[in-house]
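The values are calculated or read from the model by the stated rules, or taken from the named source; none is laboratory data. Here the structure is a predicted model, which is why all the values come from computation and not from measurement. Backbone-built Cβ (ideal geometry, glycine too); neighbour counts: all protein chains shown.
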Amino acid sequence: MPGQVAEKNARAFQAYLENVQARTGLTVADFRAQAAQKGLTTHRELLAWLKTDLGLGHGHAQAVIATILNPDHSQKTADDHLTPLFAGKKAHWRPLYDALMGHVQAFGPDVETTYSKAYVSLFRPRRFASLHPASADRFDIGLNLKGAEPAGRLEAAGSWNRMVTHRVRIADPAEVDDEVYGWLRQAYDQHQP
């Protein structure tokens, strides 16, 4: 299953870039040249430019940014991104991540992923969750659950990550149960295109 997910993500990423080119008439090389000409070097600057000036949606802008800030990104597979994320003392969290992704991918064919150095974000097309191998002792799941009252394991995200509304801290893979999968499904359902 992880190989299929990686292949699907690579195809989705390429489709995003093709869609952006069809919509704007600009290639990845054109975006890089314009960004350099404008002196845009940070993720925040690039995101503002692509969304405001060019009218790109968040997912499309993220794909373009990935190719600007990391030119070999389009050749990277999901495993290329995930290997450093689950390196060293966090390696034991990779099977949990794979299980979570397998479950989430079963929600529907529209789940998209983006990778950072610290976590994986899940979109539909807006972010509905994030998966964080936080440390050797903890795996965090961020959720966007509008209107859900924090209670028990479902905490308010607060300043931990302002891109989500809630967090679930996992100290043992056995803690990921039907309740956690239910929250993931609820977040997915709330973020329909």
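Of Ala187, Ala156, which residue is more than 18 Å from Thr113 (Cβ to Cβ), free of Cβ contacts under 8 Å to residues at least 60 places away in the same chain and aliphatic (A, V, I, L, M)? It would help to see each step written out before you state the result.
On the way: Ala187 fails: more than 18 Å from Thr113 (Cβ to Cβ).
Result of the check over Ala187, Ala156: Ala156.
For the stretch 139-164, how many residues meet the condition of being in contact with a helix residue (DSSP H, G or I) (Cβ under 8 Å, 6 or more places away or on another chain) and modelled with pLDDT of 95 or more?
So the first thing to find is which residues in the stretch 139-164 are in contact with a helix residue (DSSP H, G or I) (Cβ under 8 Å, 6 or more places away or on another chain), and the list is 139, 141, 143-146, 148, 153-154.
Pick out the ones that are also modelled with pLDDT of 95 or more and you get 139, 141, 143-145, 153-154.
The number of residues fulfilling the criteria is 7.
For the stretch 80-95, name all the residues that are at pLDDT below 85 and surrounded by 15 or more Cβ atoms within 10 Å (Cβ to Cβ). Talk me through it step by step, then tell me what you get.
Initial filter on the stretch 80-95 (at pLDDT below 85): 80-81.
Within the stretch 80-95, just His81 meets the criteria.
All but one of (1) within 16 Å of the chain's Cα centre (by Cα); (2) surrounded by fewer than 17 Cβ atoms within 10 Å (Cβ to Cβ) hold for Arg138, so report the exception by its number.
So the condition that Arg138 fails would be (1).
Okay, residues lined up against (1) small (Gly, Ala, Ser); (2) surrounded by 18 or more Cβ atoms within 10 Å (Cβ to Cβ); (3) closer than 21 Å to Gly142 by Cβ; (4) in the same structural domain as Asp172 (by TED's automatic domain parsing):
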residue: Leu17; (1), (2), (3), (4): no, yes, no, no
residue: Phe31; (1), (2), (3), (4): no, yes, no, no
residue: Leu54; (1), (2), (3), (4): no, no, no, no
residue: Ile65; (1), (2), (3), (4): no, yes, yes, no
residue: Ser121; (1), (2), (3), (4): yes, yes, yes, yes
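Tell me yes or no: at least one residue of the stretch 181-191 is assigned to a helix (DSSP H, G or I), of a type outside the set (Gly, Ala, Ser), within 24 Å of Gly108 (Cα to Cα) and touching a Lys or Arg at 6+ places or on another chain (Cβ under 7 Å).
Step one: of the stretch 181-191, the residues assigned to a helix (DSSP H, G or I) are 181-190.
Next, from what is left, pick out any that are of a type outside the set (Gly, Ala, Ser): 181, 183-186, 188-190.
So of that shortlist, the ones also within 24 Å of Gly108 (Cα to Cα) come out as 181, 183-186, 188-190.
Among the residues that remain, those that are also touching a Lys or Arg at 6+ places or on another chain (Cβ under 7 Å) are: 188, 190.
Checked the stretch 181-191: at least one residue is assigned to a helix (DSSP H, G or I), of a type outside the set (Gly, Ala, Ser), within 24 Å of Gly108 (Cα to Cα) and touching a Lys or Arg at 6+ places or on another chain (Cβ under 7 Å).
Given the criteria at pLDDT below 90, in a helix (DSSP H, G or I) and within 29 Å of Gln186 (Cα to Cα), does Phe13 qualify? Spell out the reasoning first.
On the way: at pLDDT below 90: yes; in a helix (DSSP H, G or I): yes; within 29 Å of Gln186 (Cα to Cα): yes.
Answer is yes for this residue.
If you go through the stretch 146-165 one residue at a time, do you hit one that is surrounded by 20 or more Cβ atoms within 10 Å (Cβ to Cβ), of a type in the set (D, E, K, R) and assigned by TED's automatic domain parsing to the domain that holds Gly108?
No, the conditions are met nowhere in the stretch 146-165.
So which of Val168, Val164 is in a loop (DSSP other than H, G, I, E, B) and touching a residue at least 12 places away in the same chain (Cβ under 8 Å)? Don't jump to the end; show me each part of the working.
Values: Val168 fails: in a loop (DSSP other than H, G, I, E, B).
When all the criteria are applied, what remains is Val164.
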